[in-house]
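Worksheet: one structure, shown below.
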Amino acid sequence: MNRPTHQSPERGSARTRLLEAARDVIRQKGFTATSVDDLCSAAEVTKGAFFHHFKSKETLGVEAANYWSETTGALFAGAPYHEQENPLDRVLAYIDFRRAIIGGETWEYTCLVGTMTQELHDLAPAIRDACADSIFNHAATLEADISAAMQAHDIKANWTAASLARHTQAAIQGGFILAKASGDPELARETVDHLRRYIEMLFGVGGEQTERSPEETDND
């Protein structure tokens, strides 16, 4: 079978290439600065193909947020932190996993939906709402483990599993902003390290039991 051309792609492949281009180019340039021509060039498709799949650039933004949710959801669903038997260990291993994937160019490890939310929250409600769904739905995947950890550690508090799950995302997104402002991924890692220590303190653990060793930090 011949390899499909950009002029005659397999069904869905042009759309996927455009969504992947949006994922990468928007993280590099921002949504407003990214043109339809930029996306078509990165995806190697025609403008006609773009408008065949997406009514407008805003429609593409909504679909890009949904695509980000699908692809990153699969990444996190298969991540090794789920293998921990203890629920608190799973939460802490999630934090460690988030730290481990910080690296490369800034755009490569920062968040598409966080980037678009910061830029478009007042300008494009449909994109904002799709981004909100992505962020809050990802936070919700942590709630069961946090709740189980609260029960296991007999935590009685005026905060909830849902609120702590949301806080993890606020801290991580904040770390991304610091990394963007400085060009230094170490500031994002530093933020995640503080998040880990905060969670340890909430659950009354830490010290030698859960402290990251210098060797672990150097090997990240």
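Read-outs: derived from the displayed coordinates by stated rules, not from any lab. Please read these numbers as outputs of a predicted model, since none were measured by experiment. Positions of Cβ are generated from backbone atoms using ideal geometry, with glycine treated the same way; all protein chains shown enter the neighbour counts.
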Identify which of the listed values of mean projected area of the Cα convex hull in nm² was calculated from the structure shown: [x] 11.6; [y] 13.3; [z] 14.6. [z]
Provide the FRET efficiency to the nearest 0.05 for the GLU85-ALA140 pair, computing r from the beta carbons and using R0 = 25 Å. 0.70
Rounded to the nearest 0.05, what FRET efficiency is calculated for GLU20 and GLU58 with R0 set to 25 Å and r the Cβ-Cβ distance? 0.85
Placing +1 at every Lys and Arg Cβ and -1 at every Asp and Glu Cβ, with all other atoms neutral, what dipole size does the chain have around its Cα centre, in debye to the nearest 20? 940 debye
Segment ALA148-ASP122, extension gain: residue separation times 0.36 nm, minus the distance between their alpha carbons: 5.7 nm
With R₀ set to 25 angstrom, the calculated FRET efficiency between the beta-carbons of ASP129 and PHE51, to the nearest 0.05, is 0.65
Full-extension gain between ALA157 and ALA170, please, as 0.36 nm times their residue separation minus the C-alpha to C-alpha distance. 2.7 nm
